[in-house]
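The values are calculated or read from the model by the stated rules, or taken from the named source; none is laboratory data. For clarity, every value in this text was computed on a predicted model and none was experimentally measured. Every residue, glycine as well, gets a Cβ built from its backbone with ideal geometry; the counts of neighbours run over all protein chains shown. Just so you know, the surface numbers come from the protein's heavy atoms only, side chains and all, with ligands and any DNA or RNA stripped out. Shrake-Rupley method; radii C 1.70, N 1.55, O 1.52, S 1.80 Å.
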Amino acid sequence: MTPEQLSQSISDVLDALVRRGDLTLADGLPARINVERPRNKEHGDYATNVALQLAKKAGTNPRELAELIAAGLRASDGVAAVDIAGPGFLNITVAAGAQGQVAGEIVAAGSSYGTNQEFAGERINLEFVSANPTGPLHLGGVRWAAVGDSLGKVFEAAGAEVTREYYFNDHGAQIDRFSRSLLASARGQAVPDDGYGGEYIADIATAVLAERPDAASLPDDEAQEVFRELGVEMMFDEIKKSLHDFGVDFDVYFHEDDLHASGAVAKAVERLGSLGVTYEKDGAIWLASEQFGDDKDRVIIKSDGAGAYFSGDLAYYLDKRERGFDRCFIMLGADHHGYIGRMMAMCAAYGDTPHVNLEIMIGQMVNLLKDGQPMRMSKRAGTVVTIDDLVGAIGVDAARYALTRYSADSNIDIDLDLWAKAGNDNPVYYVQYVAARTASILRNAADLGISIDGGSTDAGSTDFRAELLVHEKEGELLRALAEYPRIVAAAAQLREPHRVARYLENTAGAFHRFYDSCRVLPQGDEEPGDLHRARLMLVAATRQVFANGLGLLGVTAPERM
């Protein structure tokens with residue numbers, strides 16, 4: 001019995017009480033009944049305060065209502081005992097068979113276990129990374145690559161249709177500095193004062209010359225344009241490859257210039273004008289954003305007729321909404337806090353709901369530590385630590401896990417020595433070891449002729465005797481596995497994929513305690529029995545949950561380590 005199933009049983013009891021006339025709820029049954037795992041195992045498997053929540057509305061005292069609910073639950077399938085504590089808390093013990101059946105249900109569900117329909121029918125646009133192609137992807141962008149892709153997987157597990165989008169620009173001051181740096185390198189000149197250094201500049205300059213041998217000898221303006229066009233394309237190809245190797249691919253690469261070339265900016269200004277939220281002053285067009293919570297009104301078309309920087313944001317958001325996205329997420333670095341107010345004002349000016357149709361997430365800094373000291377520079381990039389530095393030091397799995405296991409709004413230090421270790425103090429190793437050990441147990445079981453693939457431990461077979469899983473450590477692991485759907489749902493609702501990582505670490509502990517206490521496979525001449533098969537089902541369920549959870553984090557669930 002999962003927490004969701006128990007919650008439904010409580011709801012069914014309340015419904016029966018209402019229909020019998022023993023309970024009156026003017027507002028109807030609650031949409032959701034919270035069931036929690038008590039900290040003290042002596043308080044049963046699950047606890048709920050539903051009687052305390054509903055008593056006042058029902059015109060009764062909490063303990064009397066708890067007595068009514070308890071009586072109904074005691075008659076429910078899968079419930080072994082119900083105790084009332086304090087003013088009306090319900091402590092519930094699940095029957096061993098019902099608790100053990102969770103393992104069979106997980107195996108039967110397979111990769112779909114833990115999915116839900118919370119965001120079914122919603123189209124979500126996730127814009128993340130979005131670094132201009134002036135150099136290798138730095139750590140801030142890498143963090144959003146890991147977190148953004150994982151959040152997309154979590155939303156997909158909650159039923160949403162997700163589009164991953166990368167917004168970039170190949171013009172502007174940064175690109176000018178990049179192209180001038182390439183040209184200087186090709187001509188054997190010093191890096192411009194405001195230019196980019198690092199080996200990658202020389203690498204790309206050499207690659208441009210291989211394609212256009214005459215590029216460095218062209219007049220300055222013409223040469224710079226060649227290096228801009230080819231250099232940006234080469235740099236962007238490198239960024240895309242690094243992200244692909246990191247397990248992150250985008251559905252859409254959106255070019256900023258397309259907003260201006262397509263007339264999207266003019267269309268956005270016209271739309272806002274028709275909504276009566278713009279005005280003219282000093283020859284410019286302004287958005288009356290202060291009335292929507294911004295700290296001041298914003299110029300959107302300057303007096304010379306050119307679009308202000310903010311006009312691109314107006315056009316891009318409208319473009320996303322007109323492409324049919326219900327929710328638009330933008331993931332930004334720590335230096336963009338001041339950006340939120342104007343963007344939410346823009347959302348409201350369009351008639352949308354801030355923090356619903358548009359959400360902005362801010363990610364904090366990432367620091368790498370080597371030998372206890374911060375890494376400040378990359379040999380190839382020159383001034384920043386890059387995606388390739390991180391992956392080269394600890395690998396893709398450890399890098400993705402390390403970046404995703406913390407809340408995005410917290411600073412993190414990644415100790416490269418720790419994350420490269422093959423030991424239990426390395427969180428990704430600790431979690432992946434469960435995936436590998438469970439796979440090993442299943443292989444050994446197959447060698448002994450014990451299988452759960454259509455065999456005697458099939459979830460629907462009477463040969464799987466779930467009621468035998470009565471050991472304390474079996475119960476602890478079963479309850480942990482049953483929590484997984486709620487963890488996935490919470491990760492989507494709160495936009496916090498790190499919850500999945502922390503859950504896996506806690507559940508890994510429950511698995512190790514089970515494995516240390518409960519022998520799964522027969523030894524010597526011992527014949528396989530019903531308990532062996534039941535425990536093997538529990539091992540298979542654990543393997544499935546870890547494969548599903550690691551998949552949401554973009555991390556592999558190895559079969560061997």
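This table checks each residue for (1) within 30 Å of residue 480 (Cβ to Cβ); (2) basic (Lys, Arg); (3) in contact with a helix residue (DSSP H, G or I) (Cβ under 8 Å, 6 or more places away or on another chain).
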| position | (1), (2), (3) |
| --- | --- |
| 119 | yes, no, yes |
| 123 | no, yes, no |
| 129 | no, no, yes |
| 142 | no, no, yes |
| 170 | no, no, yes |
| 201 | no, no, yes |
Practice problem: Sort out for me the helices (runs of 4 or more DSSP H) sitting completely within region 191-289 that have 2 or more residues that are acidic (Asp, Glu). | Solution: 199-211, 220-245, 256-261
Practice problem: Just name the residue that is nearest to residue 497 (Cα to Cα) out of those in region 388-431 that are charged (D, E, K, R), under 21 Å from the mean Cα position of the chain (by Cα) and open to solvent by less than 50 Å² (accessible area, probe 1.4 Å). | Solution: 405
Quiz item: Of all residues in region 194-213, which are more than 20 Å from residue 132 (Cα to Cα) and either open to solvent by 70 Å² or more (accessible area, probe 1.4 Å) or touching a Lys or Arg at 6+ places or on another chain (Cβ under 9 Å) (or both)?
Solution: 206, 210, 211, 212, 213
Practice problem: Among the residues of region 147-177, write down those that are of a type outside the set (Gly, Ala, Ser), part of a loop (DSSP other than H, G, I, E, B) and crowded, with 19+ Cβ neighbours inside 10 Å. | Solution: 170
Quiz item: Would you say residue 498 is crowded, with 17+ Cβ neighbours inside 10 Å, at pLDDT below 95 and not small (Gly, Ala, Ser)?
Solution: no
Exercise. Would you be able to say whether some residue in region 544-560 is assigned to a helix (DSSP H, G or I), under 27 Å from residue 40 (Cα atoms) and open to solvent by 30 Å² or more (accessible area, probe 1.4 Å)?
Key: no
Quiz prompt | Number of the condition not met by residue 180 [criteria: (1) assigned to a helix (DSSP H, G or I); (2) closer than 24 Å to residue 254 by Cβ; (3) open to solvent by 40 Å² or more (accessible area, probe 1.4 Å)] | solution = (2)
Quiz item: Taking region 112-137 on its own, how many of its residues are open to solvent by less than 10 Å² (accessible area, probe 1.4 Å), outside any loop (DSSP other than H, G, I, E, B) and within 15 Å of residue 545 (Cβ to Cβ)?
Solution: 0
Quiz item: With respect to the numbered conditions (1) modelled with pLDDT of 95 or more; (2) surrounded by fewer than 21 Cβ atoms within 10 Å (Cβ to Cβ); (3) in a helix (DSSP H, G or I), which one is the sole condition not fulfilled by residue 140?
Solution: (1)
Exercise. Report, by residue number, each residue of region 89-114 that is of a type in the set (S, T, N, Q), out of contact with any Asp or Glu (no Cβ under 8 Å at 6 or more places or on another chain) and farther than 30 Å from residue 242 by Cβ.
Key: 101, 112
